[in-house]
């Protein structure tokens, strides 16, 4: 569909009887104003799936919960563990927000400034101990040493941060664990979980990740 004028695309889709739409990453921010966003979409500032049923088109950001699905399906034991989320902006950290509902006891949030990290707290559940800090703060290293899972949502991983007892979830796709000995979680199935969530919102049909794995690879350009 045309990349410009999402409001016109929405109207055309409704006229033609489309049930929903999946929004490509490059256009997700522009579509936020063209639909009625749910809380996940408002927090992320973008929309990746839309349903045209009802009086107004409803948008969501399905990627957030898909990340939680992928971690849960990996059998990672989150309950009682300590989590460190590294990003730059509030929006980066919010990509990992659904993970905070999996039972972590301690959660550190590192952004380019402490106030930027503190903005995330209003969208997180009560219960865990939170430590919002600046990435430049020396306490990041100490928090990392007490963490079990490290999630990188944007930017670079600080040198010598990873230790053999760490598990790394890299959303940037740029990190090489090297000789740290850390375990790197395989995100191979994240695309399938994401597509499942998108289709569920756009069509109302609930599918399982294995059923859409092939389609997810095609959408990522990994298969013909």
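Details
- If you filter the stretch 188-224 down to residues that are at pLDDT 75 or above and outside any helix (DSSP H, G or I), you find that the one that is surrounded by the most Cβ atoms within 10 Å (Cβ to Cβ) is 189.
- The set of residues in the stretch 158-172 that are under 16 Å from residue 88 (Cβ atoms) and either touching a helix residue (DSSP H, G or I) at 6+ places or on another chain (Cβ under 6 Å) or assigned to a loop (DSSP other than H, G, I, E, B) (or both) comprises 158, 161, 171, 172.
- Some residue of the stretch 42-51 being part of a helix (DSSP H, G or I), more than 26 Å from residue 103 (Cα to Cα) and touching a helix residue (DSSP H, G or I) at 6+ places or on another chain (Cβ under 9 Å): no
- Contact annotation: residue pairs with Cβ atoms under 6 Å, 6 or more positions apart or on different chains, pairing a residue in the stretch 80-105 that is on the phi > 0 side of the Ramachandran plot with a partner that is not in a strand (DSSP E or B), are 80/105; 103/78; 103/79.
- Put simply, of 83, 93 the only residue that is under 17 Å from the mean Cα position of the chain (by Cα), in a strand (DSSP E or B) and within 23 Å of residue 187 (Cα to Cα) is 83.
The values are calculated or read from the model by the stated rules, or taken from the named source; none is laboratory data. Keep in mind the model is a prediction, meaning the values are calculated, not measured. With ideal geometry, Cβ positions are generated from the backbone for all residues, glycine too; neighbour counts draw on all protein chains shown.
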